[in-house]
Amino acid sequence: MQSTPASSREPIAIVGMACRFPGAANPREFWKMLLDGRTEVGDVPPDRWDRESLLDPDVGAGRLTNWRGGFLPDVTSFDWQAHRMLPGEARHTDPQQRLLLELAWEALEDAGMPLEAAQKSRTGVFVGIMWNDYFRLLAKNWEALDGYALIGNPLMFAANRISFALDLQGPSTAMDSGCASSLVAVNAACQSLWLGESESALVGAVELIL
């Protein structure tokens, strides 16, 4: 991607936001959590895995040594009808992609931008993503896999699904650069705006370790 001279870079306005964090379902709740100095890191929920059978404080044992983490509630729930998906398609689509689709919709609402105004616009979609745990879980039963699993799990479709569902016609790309994925996505979005490739951009990142 061609770089843009700093002297010609116009300021970029953030006009809408959406998020999901442990203990915060939206930016307002997340901001309050930060102001309160709270953290929602807690014990592993009992329905996640059997902590007692997997835990061993001895690092050399090669088992779990930590039983705390940040957990989103019920990541498997999804309103497939609202997003015009078939039940089978939703079931075989990575929860990370479902979450991104929900948050893209909410970010547009937060920006006060009706879906009709975004459709067919040169809005780019830039997503940072690095895990594909869900497909590994699905692949335990190869006979149950279908075409929806093929398009519902590759990382590239995390951005493409949003562009297709919302009828956006700007660049659409997912990028994996490890822990820097979200920052790289933001940088790519800014460059696309400065170069005139996009007139607006949806940018975000997701990480669900399933």
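The values are calculated or read from the model by the stated rules, or taken from the named source; none is laboratory data. Note that the structure is a prediction, hence the values are computed from the model and not measured. Heads up, the Cβs are rebuilt from the backbone with ideal geometry, glycines too, and the neighbour counts pull from every protein chain shown. With ligands, DNA and RNA removed, areas are computed over all heavy atoms of the protein, side chains included. Shrake-Rupley method; radii C 1.70, N 1.55, O 1.52, S 1.80 Å.
Shown in residue order for region 39-55 are the 3J(HN,Hα) couplings computed by the Karplus curve 6.51 cos²θ - 1.76 cosθ + 1.60 at θ = phi - 60°: 10, 9, 6, x, 5, 4, x, x, 8, 7, 7, 7, 4, 5, 7, 10, 8 Hz (x for Gly and Pro). Taking the charge dipole of the chain about its Cα centre, with +1 at Lys and Arg Cβ atoms and -1 at Asp and Glu Cβ atoms, the residue from Ala61, Thr123, Thr76 reaching farthest to the positive side is Thr123. Put a dot 7 Å past the Cα of Ser77, heading toward its Cβ, do the same for Asp167, and the two dots end up 3.0 nm apart. The candidates Arg122, Arg91, Arg51, arranged from most to least accessible area with a 1.4 Å probe in the full protein assembly, appear as Arg91, Arg122, Arg51. Taken about its Cα centre, region 62-107 carries a charge dipole of about 260 debye when Lys and Arg each add +1 at the Cβ and Asp and Glu each add -1 at the Cβ. Computed from phi, the 3J(HN,Hα) profile of region 22-38 under the Karplus parametrisation 6.51, -1.76, 1.60 (θ = phi - 60°) reads x, x, 8, 8, 7, x, 4, 5, 5, 5, 5, 4, 5, 5, 7, x, 8 Hz, with x in place of Gly and Pro.
Leaving ligands, DNA and RNA out of it, work out the accessible area of Ser77 with a 1.4 Å probe and give it in Å² to the nearest 10. The value for Ser77 is about 60 Å². Could you tell me which of Leu155, Leu34, Asn132 has its Cα farthest along the dipole of the chain towards the positive end, charges placed at Cβ (Lys, Arg +1; Asp, Glu -1), taken about the Cα centre? Going by the Cα projections, it comes out as Leu155.
Here the mean projected area of the convex hull built on the C-alpha positions of region 1-143 is 14.8 nm².
Here the label points at Leu115 and Leu64, each 7 Å from Cα along the C-beta direction, are separated by 3.9 nm in the simple model.
Considering only Ala139, Ala185, Ala90, the mean-square fluctuation computed in a Gaussian network model of the chain, springs between alpha carbons under 10 angstrom, is largest for Ala139.
Net charge dipole, region 1-143: roughly 400 debye, given to the nearest 20, about the Cα centre with Cβ charges of +1 for Lys and Arg and -1 for Asp and Glu. Using a 7 Å offset from Cα along Cα-Cβ at Asp133, what residues in region 35-72 end up with backbone N under 16 Å from the label point? 41-51, 54-55, 64-72, by backbone N distance to the label point. Accessible surface of Lys120, taken over heavy atoms with a 1.4 Å probe and every protein chain present, rounds to 130 Å².
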